Amino acid sequence: MNNASLPTGINRERRLYQLGILLFLMGLLTGFLLPLMENARMGLSSHLEGIMNGMVLIVLGVIWPKLRLGRTAERIAFGLAVFGTYTNWLATLAAGFIGAGSSIMPIAAAGFEGSALQEGLIAIALTSLSVAMVVVALMVLWGVCGKGSQVG
């Protein structure tokens, strides 16, 4: 059976596995970059975020077929999950290289501060991904407890 003939839920399940394993790998590889970073502590955060968020996507792939969400809600949850997990890794990676993030991650970025623009961009990224991941968690909770139509 080719991927095009699979129901949408199965496509998303497989895609979550793929994206999760890729993010996990990128998190592992980020560890090798720590000596090159302006703020290695923030880089360590990126390393851990890649690994943990990769696992989050893989776990979402495992439970995806069990979710009871409508098509639109499923698309939103999928998109926000991918956005949130990858942005978490990328924002902390960028902050590690440029030495920014003190305004929103004062422990990991202690003693480092980027320009106002850099700090603002990191803050927007981290705030937006935080909201996205809370929405994903609520939607997945709703989907595993819901009695609506099952997608996939």
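We did not get these values from a lab; they are worked out from the coordinates using the rules stated. For clarity, every value in this text was computed on a predicted model and none was experimentally measured. In this analysis, Cβ positions are derived from the backbone assuming ideal geometry, glycine residues included, and neighbour counts consider all displayed protein chains.
Ordering Leu93, Val140, Leu129 by Cα displacement along the dipole of the chain toward the positive end leaves Val140 in first place; charges were set at the Cβ atoms of Lys, Arg (+1) and Asp, Glu (-1). Considering all different alpha carbon pairs of region 90-152, the Kirkwood hydrodynamic radius works out to 13.4 Å. Segment Ala116..Leu36, full-extension length gain: 26.5 nm, with 0.36 nm per residue of separation and the alpha-carbon distance subtracted. Computed from point charges on the beta carbon alone (+1 for Lys and Arg, -1 for Asp and Glu), the dipole magnitude for the chain about its Cα centre is near 760 Debye.
Once the Cα atoms are used to define both axes, helix 8-30 deviates from the longest principal axis of the chain by about 20 degrees. Pick out, from Met55, Ala77, Ala108, the residue whose Cα sits farthest towards the positive end of the charge dipole of the chain, with +1 on the Cβ of Lys and Arg and -1 on the Cβ of Asp and Glu. So the residue furthest toward the plus end is Ala77.
Pull out the extension gain between Arg75 and Ile21, defined as 0.36 nm times the separation in residues minus the alpha carbon to alpha carbon distance; nm, one decimal. Write down the numbers at each step before the final one.
Numbers: separation 54, 0.36 × 54 = 19.44 nm, distance 2.02 nm.
Taking 0.36 nm per residue and subtracting the Cα distance, the gain is 17.4 nm.
How large, in Å, is the chain by the Kirkwood hydrodynamic radius built from its alpha-carbon pairs?
On the way: mean 1/r = 0.0618 Å⁻¹.
Radius from the Kirkwood sum: 16.2 Å.
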